[in-house]
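> Pasting in a structure now, in structure tokens, and then I'll have a few things to ask.
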Amino acid sequence: MAYSEKVIDHYENPRNVGSFGKDESGVATGMVGAPACGDVMKLQIKVNKDGIIEDAKFKTYGCGSAIASSSLVTEWVKGKTVDQAATIRNTQIAEELALPPVKIHCSILAEDAIKAAVADYRKKYGAETEPKAAE
Amino acid sequence: MNARKHPIYLDYSATTPVDPRVAEKMIPWLTENFGNPASRSHAYGWEAEEAVENARAEVAKLVNCDPKEIVWTSGATESDNLAIKGAAYFYKTKGKHLVTMKTEHKAVLDTMRELERQGFEVTYLDPKPDGLIDLEAFKAALRPDTIVVSIMHVNNEIGVIQPIAGLGEICRAKGIIFHVDAAQSTGKAPIDLATLKVDLMSFSAHKTYGPKGIGALYIRRKPRVRLEAQMHGGGHEKGFRSGTLPTHQIVGMGEAFRIARVEMDAERERIRMLRDRLLAGFKDMEEIYVNGDLEHRVPHNLNVSFNYVEGESLIMGMKELAVSSGSACTSASLEPSYVLRALGRNDELAHSSIRFTLGRFTTQEDIDFAVKLIKERIGKLREMSPLWEMYKDGIDLNTVQWAAH
């Protein structure tokens, strides 16, 4: 399996690996995938009072492309609003990392992880972003 | 970790380098003594024939049989095909049932599948969780119309040694032809065909420091075993396998097997110490599982699963080591090892397994480097694994509702 340089860079130097404390305020978690499928991604976002994602962390069980996809999205969501983050599409991730067709599912999983984290944020912290999402 | 030009080779069960002493012996038979061993009318042929017979005697000596019982083939895959198909076709009027194990090499399993397509019936036995054959299940599988049994000597993935002596007794008592694939055992486990009740045995040169493209099949003469030839032509090898003999390859296999006979005892002990050093290096790691029985096992094999680490990322992290993985990483999907699945390992553990196979040129420095690297990389991947985090938090992963995709 030949990996792109960007995948190898993220695999060897993953950005933002880790977890936030369970009680930290503004933290929301998305966990997607299943061990039997070979991929599990956990993405956490930390949102400040202004609705901006000020930090993000991930942990991934999966192939190099899955690790790279989740590492990349932690960089991308930082500084964005929750709504902006929710607009990140798997095609952008796949393009940035030059993923081959058999690894597209890794980028889809990363997009799902963002959506799951955003959904968790909305569930936990209520309606403040809900109306915007409905626009 | 310091950068190396080539990864450290710990994949001796895939293939071995040709021993320099073997290569040196082969070369004249390519350039100077190029005669066809079947040429009866001049010295080129006579010399080549003598070299072929000397090599045949060396192969026979390693496994303690008559040189007349050795037939050259292109390798163990061909030997397996010739033995199983040849015996099944010859004895088909006696019955149509064959018995093998799920953990056999594909050269045996795919041959069996082909025979099934042709109307034969095959029983594929499950191994016990330690990889060894279940003798009671084996006996129960034998039928009045069973004509051939094929069980490997040493498993290529987990290195376990099957009890072929006992299986041979059972087969002989019932008049069933017993074939053994011994591709992985020459030079690694003693073989004595004078006492073993084995009728057919497959050999390969390139797993024992000989060249690729040459192998042999042992065909017992007393009591005589009959086969239908699969390759027809000039009637070479007493009609069992036609085709001009590759003198240089045969000379290489003979020399490789001679060295194996002379050096096996010392080599096995040296390699066993290195393998034990490797295993001891993993001792303080959590959640690692050795696949296959450790006692009934060749000394150069260690197969370990590292839980909570995904297989492909594991291989990516091991690029300084040439090892085999339990995941056959095909273009479309990750297929877990069928051998480990047959032992009852779940997909995750089968995926996260690494087969280390040591050999003649493995050093203690290689092993120490490998241990250090593996600990570092497994540690890093586990730090990154949400499954490891959950395990550390005491969460039972079997109770988690996964969002399957």
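The values are calculated or read from the model by the stated rules, or taken from the named source; none is laboratory data. Owing to the predicted nature of the structure, the values given are computational and were not obtained by experimental measurement. Heads up, the Cβs are rebuilt from the backbone with ideal geometry, glycines too, and the neighbour counts pull from every protein chain shown.
> Considering only segment B:248-352, give the strands (runs of 3 or more DSSP E) lying wholly within it that have at least 1 residues that are of a type in the set (D, E, K, R) and more than 30 Å from residue B:45 (Cα to Cα).
Once the strands (runs of 3 or more DSSP E) in segment B:248-352 are filtered for at least 1 residues that are of a type in the set (D, E, K, R) and more than 30 Å from residue B:45 (Cα to Cα), what remains is B:334-336.
> Does residue B:208 satisfy the condition of being modelled with pLDDT of 95 or more, of a type in the set (Val, Ile, Thr), more than 18 Å from the chain's Cα centre (by Cα) and part of a loop (DSSP other than H, G, I, E, B)?
No, not satisfied.
> Taking segment B:38-62 as the region of interest, how many residues are in contact (Cβ under 8 Å) with a residue 40 or more places away in the chain and touching a Phe, Trp or Tyr at 6+ places or on another chain (Cβ under 9 Å)?
9
> What's the number of the condition residue A:103 fails, among (1) in a helix (DSSP H, G or I); (2) more than 22 Å from residue B:383 (Cα to Cα); (3) more than 13 Å from chain B (Cβ to nearest Cβ)?
Going through (1) in a helix (DSSP H, G or I); (2) more than 22 Å from residue B:383 (Cα to Cα); (3) more than 13 Å from chain B (Cβ to nearest Cβ) one by one, residue A:103 breaks only (3).
> What about residue A:36, is it of a type in the set (Gly, Ala, Ser) and closer than 30 Å to residue B:345 by Cα?
So residue A:36 fits the description; yes.
> Select from segment B:252-311 the residues that are within 14 Å of chain A (Cβ to nearest Cβ) and of a type outside the set (A, V, I, L, M) and write down the one among them that is farthest from residue B:152 (Cα to Cα).
B:308
> How about segment B:381-396: which of its residues are surrounded by fewer than 16 Cβ atoms within 10 Å (Cβ to Cβ) and either of a type in the set (D, E, K, R) or within 10 Å of another protein chain (Cβ to nearest Cβ) (or both)?
B:383, B:392, B:393, B:396
> Here's a follow-up. Tell me, which helices (runs of 4 or more DSSP H) lie completely within segment B:1-99 with 2 or more residues that are surrounded by 15 or more Cβ atoms within 10 Å (Cβ to Cβ) and in contact with a Leu (Cβ under 6 Å, 6 or more places away or on another chain)?
Where helices (runs of 4 or more DSSP H) fall fully within segment B:1-99 and carry at least 2 residues being surrounded by 15 or more Cβ atoms within 10 Å (Cβ to Cβ) and in contact with a Leu (Cβ under 6 Å, 6 or more places away or on another chain), they are B:43-63, B:76-90.
> Turning to a different aspect of this structure: Take segment B:379-405 and flag every residue that is closer than 23 Å to residue B:318 by Cβ and among the aromatic types (Phe, Trp, Tyr).
Listed by number, the residues that qualify are B:388, B:391.
> Follow-up question, since we're still on this one. Please give the number of the condition residue B:365 fails out of (1) out of contact with any Asp or Glu (no Cβ under 9 Å at 6 or more places or on another chain); (2) away from chain A (no Cβ under 11 Å); (3) closer than 19 Å to residue A:62 by Cβ.
Only one criterion is unmet by residue B:365, namely (3).
> Just the residues that are more than 15 Å from residue B:276 (Cα to Cα) and among the hydroxyl-bearing types (Ser, Thr, Tyr), please, taken from segment B:352-405.
B:352, B:353, B:385, B:391, B:399 - these are the residues of segment B:352-405 that are more than 15 Å from residue B:276 (Cα to Cα) and among the hydroxyl-bearing types (Ser, Thr, Tyr).
> If you take the residues in segment A:15-44 that are under 30 Å from residue B:335 (Cβ atoms) and over 14 Å from the mean Cα position of the chain (by Cα), which one is surrounded by the fewest Cβ atoms within 10 Å (Cβ to Cβ)?
A:36
> Oh, and also: Please determine whether any residue of segment B:312-320 is at positive phi and not polar (S, T, N, Q).
Within segment B:312-320 (the criterion being at positive phi and not polar (S, T, N, Q)), the answer is no, since none of the residues qualifies.
> Now a separate question. Please indicate, with yes or no, whether at least one residue in segment B:218-235 is under 30 Å from residue B:40 (Cβ atoms), of a type in the set (Lys, Arg), without any contact (Cβ under 8 Å) to a residue 24 or more places away in the chain and surrounded by fewer than 19 Cβ atoms within 10 Å (Cβ to Cβ).
yes
> Select, from B:241, B:258, B:297, the only residue that is crowded, with 19+ Cβ neighbours inside 10 Å, closer than 20 Å to residue B:353 by Cα and modelled with pLDDT of 95 or more.
None of the other options fit; the residue is B:297.
> Between a residue in segment B:109-138 that is closer than 25 Å to residue B:289 by Cβ and any residue that is hydroxyl-bearing (Ser, Thr, Tyr) and in a strand (DSSP E or B), which pairs come within a Cβ distance under 8 Å, given they are 6 or more apart or on different chains?
Every condition considered, the pairs that remain are B:109/B:100; B:109/B:124; B:124/B:100; B:125/B:100.
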